[in-house]
Amino acid sequence: MRKIAVLGSTGSIGTQTLSIVEEHQDLDVIALACGRNIKLLEQQMRQFHPKKVAVWDENAALQLRRNTVDLGITVTTGMEGLLEVATLDEVEVLVTAIVGMLGIRPTIAAIEAGKTIALANKETLVTAGHLIMPLAREHGVPILPVDSEHSAIFQALQGNQENAVEKILLTASGGPFRGKKKEELANIRVEDALKHPNWSMGKKITIDSSTLVNKGLEVMEAKWLFGVELDQIEVIVHPQSVIHSAVEYADGAVIAQLGTPDMRLPIQYALYYPKRRTLSGKRLDLFEVQNLTFERPDMETFRGLALAFEAMRRGGNVPTAYNAANERAVALFLERRISYLEIPEIIEAAMEQCEFKNHPNVDEILATEQEAYEFIGSRW
């Protein structure tokens with residue numbers, strides 16, 4: 001039995017992780033954590049019987065304690081609770097599926113405690129990759145990517161670690177607005193942006209996919225995960241979402257991972273690595289697909305992707321400003337307080353406004369996040 005903990009167990013990645021546990025029955029859920037969705041967390045507690053759970057919101061945690069007093073499961077709160085879940089002695093693999101920079105401190109603590117990290121929290125590497133990757137190497141801790149694209153790259157690297165990588169080919173579906181020009185995006189509604197053509201995801205990541213900001217975050221993540229230069233990462237729009245990403249080697253060989261758009265595959269690969277297990281669901285039928293097409297991304301229309309490359313080139317805490325500004329801008333858009341095209345405008349403004357820090361520590365990263373929030377709050 002492989003013993004796991006899940007940060008963000010009530011979100012899209014978290015619930016799909018637990019569906020894999022349910023399917024195979026040889027993973028032991030030791031701990032769970034969520035923000036405030038205690039109704040679903042209670043169901044998970046009654047099904048998987050973890051030893052400990054953490055709820056970010058203190059009032060929600062209090063209510064959960066009352067609702068589950070019969071279970072005898074410890075309920076903790078806040079950052080202290082997340083850290084406890086991340087470092088429990090029995091836990092072997094920590095799935096970090098929590099949204100936002102809340103994931104940084106628990107991930108660091110888990111690495112220091114020697115836990116394998118199944119990473120689904122982009123913000124951890126986007127904002128603190130310069131801290132996380134050296135720490136993981138120091139402690140001999142594997143960072144196993146859960147994002148479909150990064151998992152595909154990781155899979156394409158297996159058995160080839162000693163060979164020179166020429167280029168990372170990072171695929172993107174293009175989102176619901178692929179092919180549109182800027183003037184056509186002026187009146188985009190929330191409902192339009194939430195209609196992803198291929199993937200079923202949470203609201204924020206779906207909006208990020210439509211703006212290509214999500215791909216920008218993945219570019220930053222790939223640089224840290226695979227130790228390549230920014231110029232070695234090429235984004236390719238691939239509308240069918242069959243090729244999940246690829247690696248080009250020094251001899252010109254390109255090795256790709258293909259499959260149906262099912263997030264359970266990369267989640268399961270991380271949970272059982274290096275072994276592969278049977279997974280239920282539809283199989284890839286190339287006769288049915290017939291055509292695979294590829295396009296260059298339109299970084300003039302989708303400024304979020306261009307800004308990600310700029311943020312990563314500038315380095316320091318600029319990626320943090322990028323990420324924090326996007327989080328707040330997406331929230332404002334979902335609340336219908338800004339237009340769709342204001343999302344990249346807000347990101348760019350925050351990148352210019354925040355005080356530059358060359359090699360930020362965790363406190364400085366979180367301070368940059370707060371600085372970006374305050375700047376946006378004062379303007380929008």
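Annotations
- Pairs linking a residue in the range 18-31 that is over 18 Å from Ala54 (Cβ atoms) to a residue that is among the charged types (D, E, K, R), with Cβ atoms under 8 Å and 6 or more positions apart or on different chains, are Ser19/Arg264; Ile20/Arg264; His24/Arg277; Asp26/Arg2; Leu27/Arg2; Leu27/Lys3.
- Strands (runs of 3 or more DSSP E) within the range 6-86 that include 2 or more residues hydrophobic (A, V, I, L, M, F, W, C) and buried (at least 22 other Cβ atoms within 10 Å of the Cβ): 27-34, 52-55
- Taking helices (runs of 4 or more DSSP H) as the structural unit, those lying wholly within the range 92-194 and holding at least 2 residues that are within 15 Å of the chain's Cα centre (by Cα) correspond to 104-112, 122-139, 148-157.
- Boolean, Glu234 is within 26 Å of Arg313 (Cα to Cα) and open to solvent by 50 Å² or more (accessible area, probe 1.4 Å): yes
- For Glu295, the criteria (1) out of contact with any Ser or Thr (no Cβ under 8 Å at 6 or more places or on another chain); (2) open to solvent by less than 20 Å² (accessible area, probe 1.4 Å) hold in every case but one, which is (2).
Residue by residue, here is whether (1) within 20 Å of Met220 (Cα to Cα); (2) not hydrophobic (A, V, I, L, M, F, W, C) holds:
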{"position": "Val85", "(1), (2)": "no, no"}
{"position": "Gly114", "(1), (2)": "no, yes"}
{"position": "Leu119", "(1), (2)": "yes, no"}
{"position": "Ile143", "(1), (2)": "yes, no"}
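The values are calculated or read from the model by the stated rules, or taken from the named source; none is laboratory data. What you are looking at is a predicted structure, and each value in this text was computed from that prediction instead of being measured. Cβ sites come from the backbone with ideal geometry, for glycine too, and all protein chains shown count toward neighbours. For accessibility, only protein heavy atoms count, side chains too; no ligands or nucleic acids. Shrake-Rupley method; radii C 1.70, N 1.55, O 1.52, S 1.80 Å.
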